[in-house]
Amino acid sequence: MTAHKVILLVLDGVSDRPCPELGGKTPLQTARTPVLDRIAREGICGIMDTIGPGIRPGSDTAHLALLGYPPEQYYTGRGPLEAEGTGIHMKPGMIGFRCNYATVDADGKVTDRRAGRIHDTDALSKAVQEQVDLSRFGVEFVFRSGAGHRAALALSGEGLGQCVSSNDPKKEGVVPPEFDALRDRPGDEKTAFVLNEFVAQATRVLSNHPVNQERLAQGLPPANVVLIRGGGEMGHFEPFKERYGLSGSVICAASLISGIGKVVGLRHVPVPGTTGSINSDLDAKVAATIRELQEQDFVLVNIKGADEAGHDGHAGEKSAFIERIDAAIAPLAEVPDCLLVVCADHSTPCTIKDHSADPVPVVIRGDGVRVDRVSHFDEYAVAEGGLHRIHGCDLMSIIEDLINKAHKYGA
Ligand code: ZN
Ligand code: ZN
């Protein structure tokens, strides 16, 4: 017997390093995870360098690797992927950027890089789209809200370059720097000039917007400036369906991940109530996954909250969220005829509050899969398993083999 369907469940940033506040254990070790443990017990386990040993992955490059698209060949920056994720259709020649709504004070200094983690910015983005005018530079743009304080911008027009600096000062208390060309090329200079104009006009539109007047009246930081970074042109991706012969969907709250899914041709399934944070409606995500599998061969599900807790350095919170994940994913372990793959895209250790290159746990469980002796899903236990240490880019090949879709190499 071989499974025909595949669930790739990515627990974003779930793995960690020893945490002093957990007595030297990791959040995965301290969390009670009967479902993940059962999957580990019934499957084959290992650890995985999503990109390569010692390479700290971004969520974007890691997910490309997990889907079998080597980032060194396919990655053209986060901006175009994020733009796709917000619903902008990136055509060849368009330059995409990822953006944050942020707050500046009367002196123009950044006081909150996330504008109080504002959400529901659609009205603001719509006003920017309607009122900012770049036509005298021969440039058109699309500006769309993403999840939370995030947004994306895509520029199109003659002679635009993509190598420009960012206006994100990366810290508070300073004025956002102007954009600059990173190469001595007219295209990059034009893009930098256009972005400076965009930000100046957008700031005027946003400062006067009723949503921000209302926020000021409530003592909340207004979203009165757009910080822009990660510019890049969309590359060409061989469609997932052609590459693997599998139809597929992606379920995630983060627009970056849905953007990656979309560019490789996965259907993005929006799920109401999912936020990409620890308050996300995980049950709704799991139900949507099971629904999609009735039609699709492959579903990529990303659950983001553990990464956020890692970035915040809250080991206890991370461990508690892992227990919520564990309870929510129980129905995925019951799907018949299905290869269930659980892994992380990278580690997000609470001690460094960022991604690290520590290899991530991975387990594959389904009909016909060899079973090893691992009985607990954590960084240490899975390292004893039968998969040993694999590369992220090899995961899809292993999956194809296990569902009998792989072709023989040789006679
Ligand atoms: Zn991630
Ligand atoms: Zn992260």
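A few notes on this one:
- Lysines with Cα under 24 Å of LYS91, excluding same-chain neighbours fewer than 8 positions away: LYS126, LYS190, LYS241, LYS262
- Sorted into 10 angstrom bins from 0, the C-alpha pair distances of the range 76-141 split as 16, 40, 37, 7 percent.
- Here the gap between ASP107 and LYS241, fully extended at 0.36 nm per residue and compared with their Cα-Cα distance, gives a gain of 43.0 nm.
- Under the span-like rule (Cα at least 30 Å along the axis, Kyte-Doolittle mean at least 0.0), DSSP H helices of the chain: 186-207
- Accessible surface of ILE329 - all protein chains present, 1.4 Å probe, nearest 10 Å²: 0 Å²
- Given +1 at the Cβ of Lys and Arg, -1 at the Cβ of Asp and Glu and no other charges, the dipole of the range 83-233 around its Cα centre is 360 debye to the nearest 20.
- Rolling a 1.4 Å probe across the protein heavy atoms gives the range 1-86 an accessible surface of 33 Å² per residue.
- Among SER15, SER247, SER145: highest mean-square fluctuation, GNM of the chain, C-alpha pairs under 10 Å: SER247
- Remark: the range 1-55 is approximated by an ellipsoid whose semi-axes, taken from the C-alpha gyration tensor as √(5λ), come to 25, 17, 10 Å, largest first.
- Whole-number percent relative contact order across the chain, with pairs defined as alpha carbons under 8 Å at least 6 apart: 33 percent
- Value of [θ]222 nm, deg cm²/dmol, for the chain, DSSP H segments ≥ 4, -39500 (n - 2.57) each, nearest 500: -9000 deg cm²/dmol
- The range 26-51-the range 332-411 distance, computed between alpha-carbon centres (Å): 9 Å
- Semi-axes of the equivalent ellipsoid for the chain, Cα gyration tensor, largest first, Å: 38, 24, 19
- Equivalent ellipsoid semi-axes - Cα gyration tensor, the range 83-233, angstrom: 25, 16, 13
- Placing pseudo-labels 7 Å out from each Cα toward the beta carbon at ASP354 and ARG56 gives an inter-label distance of 0.3 nm.
- Scanning residues 5 or more positions from LEU339 or on other chains, those with amide H under 5 Å from its amide H are HIS4, LYS5, VAL6, ILE7, with H placed 1.01 Å from N in the peptide plane.
- Modelled label positions at GLN201 and SER375, each set 7 Å beyond Cα in the direction of Cβ, lie 6.6 nm from each other.
- About its Cα centre, the chain has a charge dipole of approximately 80 debye under the convention of +1 per Lys or Arg Cβ and -1 per Asp or Glu Cβ, with nothing else charged.
The values are calculated or read from the model by the stated rules, or taken from the named source; none is laboratory data. Note that this is a predicted model, so its numbers are computed, not measured. Every residue, glycine among them, receives a Cβ derived from its backbone with ideal geometry; neighbour counts consider all protein chains shown. Note: accessible area is taken over every heavy atom of the protein model, side chains too, but ligands, DNA and RNA are not part of it. Shrake-Rupley method; radii C 1.70, N 1.55, O 1.52, S 1.80 Å.
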